Amino acid sequence: MLKLTKTVFIASSLLFTIALSGCESTKNAAEAVKADSYADEVSEKPETASPSASKETKKSKKTTDKKRKHNVFVFGNLDKYVLTDQASVFTRGALGGIKQQKSTITVYPEKEVAGFGSPYLTVYYVLFMDQSARQAFKEKFEQYEKDFQAKRLNRNNSNSFKIYGKIPVRIDWGSVKASTPNWSYTNANVGYDFHERSPYFTITIFPADNEHFKTNDAVDRQSLNLKYYFTKAQASQLIDLLSDDKVQAAIDEYYGNFAQQDDYDEYTEASDETTEAEKSE
């Protein structure tokens, strides 16, 4: 009887283990499907924060930026840029293909340019456009949308990466986000490219001479060969975040913060009382 009970117990344990393994396998399969689905969703519609969360994030960033701008011990580029929002972009991967990267909307008030920064391979790059370049970028994307809808995009066109022409840009770069001492003014090709049967709106920038190299020959002589890929949703989001109103608001905030920095604590207001010297006169 004891032997039978032991056998039943072992059989039950075995069945439980098999059932548990089945559950784990099902769970893993579901996670794999979800991950593929998430990748598709991201490529078509990047995640955006809720309005309330975005406001809180902006509020906290503004407070932090104010402190950074006026800190004489500030590190790297934190005193010259205004970081506003988060977005996303695809870049070339180290092992081929393309890889989605988080990007940060970045405004450079003193140069009156705005754009986005993101990791690119092992370097951090910021791509800036002035107002006219941002408008041109918007118009070129609108043409791309028309070609997309009309099925005029040709995957066999080797010149598709520059089909919409060029725009003037500035690129800053460095080893980390907070330090981008290298810079260059150059032109960017705007067009499209196919990746795994899907078209992407693209910005391509060939290696440009590093202006910082003229004063520091220990840095790279040129920038990397850059190529950014955008889904329609990503490009639309970027254009919205770089609208004239939003860029100007960031610039106004930047200079407004400096205006608020006037400190009168060291000064004493002139007295309304007449001094003895004045009376004698």
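The values are calculated or read from the model by the stated rules, or taken from the named source; none is laboratory data. These numbers come from a predicted model, not from an experiment. Every residue, glycine among them, receives a Cβ derived from its backbone with ideal geometry; neighbour counts consider all protein chains shown. Note: areas computed on protein heavy atoms with side chains; ligands, DNA, RNA excluded. Shrake-Rupley method; radii C 1.70, N 1.55, O 1.52, S 1.80 Å.
Some notes on this structure:
- Any hit, region 154-163, residues being of a type outside the set (A, V, I, L, M), part of a strand (DSSP E or B), over 22 Å from P119 (Cβ atoms) and free of Cβ contacts under 8 Å to residues at least 40 places away in the same chain: no
- Which numbered condition G165 fails, given (1) under 19 Å from the mean Cα position of the chain (by Cα); (2) under 30 Å from E145 (Cα atoms); (3) loosely packed, with under 15 Cβ neighbours inside 10 Å: (1)
- The number of residues in region 170-192 that are touching a helix residue (DSSP H, G or I) at 6+ places or on another chain (Cβ under 7 Å) and either surrounded by fewer than 18 Cβ atoms within 10 Å (Cβ to Cβ) or in a loop (DSSP other than H, G, I, E, B) (or both) comes to 1.
- Selection status of D245, modelled with pLDDT of 95 or more, more than 23 Å from S118 (Cβ to Cβ) and either among the polar types (S, T, N, Q) or part of a helix (DSSP H, G or I) (or both): yes
- Residue within region 154-169 that is in contact with a helix residue (DSSP H, G or I) (Cβ under 8 Å, 6 or more places away or on another chain), charged (D, E, K, R) and closer than 20 Å to T186 by Cα present: no
- Matching entry among F141, F116, F148 (being touching a residue at least 60 places away in the same chain (Cβ under 8 Å) and either of a type in the set (A, V, I, L, M) or assigned to a strand (DSSP E or B) (or both)): F116
- Consider region 99-118 and keep the residues that are open to solvent by 40 Å² or more (accessible area, probe 1.4 Å) and in contact with an Asp or Glu (Cβ under 9 Å, 6 or more places away or on another chain). The one that is farthest from A250 (Cα to Cα) is K111.
- Qualifying positions in region 188-222 - among the small types (G, A, S) and either within 27 Å of A136 (Cα to Cα) or in contact with a Phe, Trp or Tyr (Cβ under 9 Å, 6 or more places away or on another chain) (or both): A188, G191, S198, A208
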